[in-house]
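The values are calculated or read from the model by the stated rules, or taken from the named source; none is laboratory data. Predicted model only: the values in this text are computed from it and were never measured. Cβ placement follows ideal geometry from the backbone for every residue including glycine, while neighbour counts extend to all protein chains displayed.
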Amino acid sequence: MRGVRMHHHVYLSIVAIIIGILGGYGALVFRYIIKGTQYLFYQNTDDILTFAHTMPFYLKILLPALGGMVVGPLVYFGAREAKGHGVPVVMEAVALRDGRIRPRVALVTILASGITIGSGGSVGREGPIVQIGSSIGSTIGQILKAPPLRQRTLVGCGAAAGLAATFNAPIAGALFAAEVILGEWGLSTFSPVVLSSVTATTISRHYFGDFPAFIIPTYRLVSIWEFLFYPLLGLVVGLVSLLFILAVNKSEDLFDELRIPEYLKPALGGLMLGCMLIVWPNVFGVGYGTINLSLKNQLPFLLLATLIFIKILATSITVGSGGSGGIFAPSLFIGAMTGGAFGWAIHEYFPLVTADSGAYALVAMGAVVAGTTHAPITAMIIIFELTSTYEIILPLMITCMLSTLITTSLKRDSIYTSKLTRKGVEITQGWEQSVLRALKVRDIARDQVVTVPEDMALVAMVEILKEEDVSHLHMVGPEGELRGIISFSDIRAALQEEGLEHLVIAKDVATTDIITISPSDSIQDALYKMGRNGVSHLPVVQEDDNGKVVGTLNKKDVMAVYNKAVLGRGLEP
């Protein structure tokens, strides 16, 4: 048995390395597609800040709209999973579909996100590459006919590979997959995720060198008094993170309500974004050039403060209209601007005890990621990997945790899970809970219902309980509507008194304060009602049929089906 288990670990490790290779090259191809698309639209692959002043204003408006015109039909007719910022689709697949993602999603996401970013969409490449890597891992799992638990692990491997290759951050890639995508840290799951992350990072470094994604300044604490300001920064960043989440959600809702064909909405979003690019070209694409300027203290306070809200608006429009791209890079951008503005103001008034604004911009980058994604560990590690300096850890921990505490206190869902919650998909409690939500009462309830009229005598009810294998009788009215529940404990007291067998009727002993459930409710709802009311049986009532009882739900049946479903999802061959 031990040898078989070892064989499984070796087999899974080999598959994880293969996914890491494919994920690394997927990130490589994706970056080249972005560059190629940008050259096709603008005849230039440099940061837009270097050539924006040479462009006619009408091209700044029309080119993002043209990109949206291409992306809209591509996503609508190709794979609608590529719409938006990608990661929620992966989380939903892991929680509800055992990690199964359609193979075409990777191809459509590469093209749609590449065109969105290359034409100027204010989104990042991290979300799409996570989706691309996850799709690769899912496809390999489906080809190998992997069981559910292993299938989900392979999706996590792909997600880790994509993020690690993008940021040259193998630890952060692995932690993101465990903290956000999979929601678990077991050794059998985490080990292959780490292998994929390291493999993808190796490929990225081979082609792009061992360089961080940003020009990171040397970080140092000027004074111990700075620890008084970092909690305040965490508070400010937490509120900005909350604003970003709310803005993206509101934008998605507003665009959903627009009565125009869905495949035209990205073009409208591109047109709106283009109008913003005339004044603020900084919000073009991933915005790494502007982030670097903030880190190097080369942006004035007013521009830093303005770009916080302009970037939130630009990203919300791009994502809400149906453009394809991630929110990870915009979170870093917003954090850099927020921290830069905060640091500029603090340094202006306390120059002797505070660092330059770039130091605060760097810390706030991680804090906004933590606040928006509710993944503080990933946020801390990714900034630590980018800086390679230990001095940043304490300020980073303070701001990231405070930012996360504020956003989670004011809004339960992250920027990823809020999109799913509004669709009616709850995954915040882990995939085991998703089993309960996926199972419906109609799937488990027994349709053998023993009913009695309100005037049935006690002696007749006793005979029915003797003949039928049931624990409850359902008292119904003239139209078959449920009016009460009778258990053996309800009639026990009457049986102890002689001469009542023919005098007591069902209506006298029935419990009329009834807790019911409908066939369309989830098993999670049923268990909650059972636990809250201290009952082990619920009558199933058809809501649209005058309260007619159509079945019964027993807690033993629920637990048996649940255990079978959980074991089935986790069994290895």
Test: residue 112 is surrounded by 24 or more Cβ atoms within 10 Å (Cβ to Cβ), in the same structural domain as residue 285 (by TED's automatic domain parsing), at pLDDT below 85 and within 25 Å of residue 322 (Cα to Cα): no
Among what's in segment 264-294 and is modelled with pLDDT of 90 or more and of a type in the set (Ser, Thr, Tyr), pick the residue that is surrounded by the fewest Cβ atoms within 10 Å (Cβ to Cβ). 290
Top-ranked residue of segment 144-198 - restricted to ones that are in contact with a Ser or Thr (Cβ under 8 Å, 6 or more places away or on another chain) and not in a helix (DSSP H, G or I), ranked as farthest from residue 380 (Cα to Cα): 168
Counting only residues that are closer than 26 Å to residue 298 by Cβ, within 32 Å of the chain's Cα centre (by Cα) and surrounded by fewer than 16 Cβ atoms within 10 Å (Cβ to Cβ), how many does segment 217-234 have? 1
Can residue 90 be described as within 27 Å of residue 278 (Cβ to Cβ) and either crowded, with 22+ Cβ neighbours inside 10 Å or in contact (Cβ under 8 Å) with a residue 60 or more places away in the chain (or both)? no
Selection within segment 393-425 - at pLDDT below 85 and of a type in the set (A, V, I, L, M): 420, 425
Within segment 443-460, is even one residue modelled with pLDDT under 75, closer than 24 Å to residue 511 by Cβ, in a helix (DSSP H, G or I) and not basic (Lys, Arg)? no
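Table: residues versus (1) at pLDDT below 75; (2) more than 48 Å from the chain's Cα centre (by Cα); (3) outside any strand (DSSP E or B); (4) of a type in the set (Val, Ile, Thr).
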residue	(1), (2), (3), (4)
484	no, no, no, no
489	yes, no, yes, no
494	yes, yes, yes, no
498	yes, yes, yes, no
502	yes, yes, yes, no
508	no, yes, yes, no
Please identify the pairs in which a residue from segment 170-184 that is farther than 13 Å from residue 369 by Cα has its Cβ atom under 9 Å from the Cβ atom of a residue that is among the acidic types (Asp, Glu), counting only partners at least 6 apart or on another chain. 170/385; 171/385; 178/184
In the list 110, 21, 17, 117, which residue meets the criterion of being in a helix (DSSP H, G or I), more than 29 Å from residue 288 (Cα to Cα) and either in contact (Cβ under 8 Å) with a residue 60 or more places away in the chain or among the polar types (S, T, N, Q) (or both)? 17
Please identify the pairs in which a residue from segment 272-287 that is free of Cβ contacts under 8 Å to residues at least 40 places away in the same chain and of a type in the set (Phe, Trp, Tyr) has its Cβ atom under 8 Å from the Cβ atom of a residue that is part of a helix (DSSP H, G or I) and surrounded by fewer than 24 Cβ atoms within 10 Å (Cβ to Cβ), counting only partners at least 6 apart or on another chain. 280/306; 280/310
Tell me, yes or no, whether segment 44-65 has at least one residue that is polar (S, T, N, Q), closer than 20 Å to residue 166 by Cβ and crowded, with 18+ Cβ neighbours inside 10 Å. no
Criterion first (of a type in the set (Ser, Thr, Tyr), assigned by TED's automatic domain parsing to the domain that holds residue 316 and assigned to a loop (DSSP other than H, G, I, E, B)) does residue 202 satisfy it? no
Search result, residues across segment 28-51 that are outside any helix (DSSP H, G or I) and among the polar types (S, T, N, Q): 43, 44, 45
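With respect to residue 322, is the statement that it is within 27 Å of residue 180 (Cα to Cα), in contact with a Lys or Arg (Cβ under 6 Å, 6 or more places away or on another chain), crowded, with 24+ Cβ neighbours inside 10 Å and not polar (S, T, N, Q) true? Before you say what the answer is, go through the steps one by one.
Working: within 27 Å of residue 180 (Cα to Cα): yes; in contact with a Lys or Arg (Cβ under 6 Å, 6 or more places away or on another chain): yes; crowded, with 24+ Cβ neighbours inside 10 Å: yes; not polar (S, T, N, Q): yes.
In short, yes.
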Taking segment 187-205 and the residues there that are within 20 Å of the chain's Cα centre (by Cα) and modelled with pLDDT under 85, the one that is nearest to residue 95 (Cα to Cα) would be 189
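Mind listing just one residue for me: the one in segment 461-480 that is closer than 15 Å to residue 507 by Cα and surrounded by fewer than 18 Cβ atoms within 10 Å (Cβ to Cβ) and, of those, modelled with the lowest pLDDT?
From segment 461-480, those closer than 15 Å to residue 507 by Cα are 461-462, 472-478, 480; that's our starting set.
With surrounded by fewer than 18 Cβ atoms within 10 Å (Cβ to Cβ) added as a condition, the list becomes 462, 477-478, 480.
On the way: 462: 79, 477: 81, 478: 78, 480: 75.
Within segment 461-480, the match that is modelled with the lowest pLDDT is 480.
If we scan segment 333-344, do we find a residue that is out of contact with any helix residue (DSSP H, G or I) (no Cβ under 9 Å at 6 or more places or on another chain) and touching a residue at least 24 places away in the same chain (Cβ under 8 Å)?
Initial filter on segment 333-344 (out of contact with any helix residue (DSSP H, G or I) (no Cβ under 9 Å at 6 or more places or on another chain)): none.
Within segment 333-344, not a single residue is out of contact with any helix residue (DSSP H, G or I) (no Cβ under 9 Å at 6 or more places or on another chain) and touching a residue at least 24 places away in the same chain (Cβ under 8 Å).
When only residues in segment 338-385 that are polar (S, T, N, Q) and assigned to a helix (DSSP H, G or I) count, which is surrounded by the fewest Cβ atoms within 10 Å (Cβ to Cβ)? It would help to see each step written out before you state the result.
Let us first name the residues in segment 338-385 that are polar (S, T, N, Q), namely 338, 354, 357, 372-373, 378.
From the residues that got through so far, the ones that are assigned to a helix (DSSP H, G or I) too are 338, 357, 372-373, 378.
Working: 338: 28, 357: 27, 372: 31, 373: 25, 378: 27.
Only one residue tops the list, namely 373.
With more than 19 Å from residue 322 (Cβ to Cβ), touching a helix residue (DSSP H, G or I) at 6+ places or on another chain (Cβ under 9 Å) and of a type in the set (Ser, Thr, Tyr) as the only criterion, which of 76, 39, 11 stands out?
Numbers: 76 fails: more than 19 Å from residue 322 (Cβ to Cβ); 11 fails: touching a helix residue (DSSP H, G or I) at 6+ places or on another chain (Cβ under 9 Å).
When all the criteria are applied, what remains is 39.
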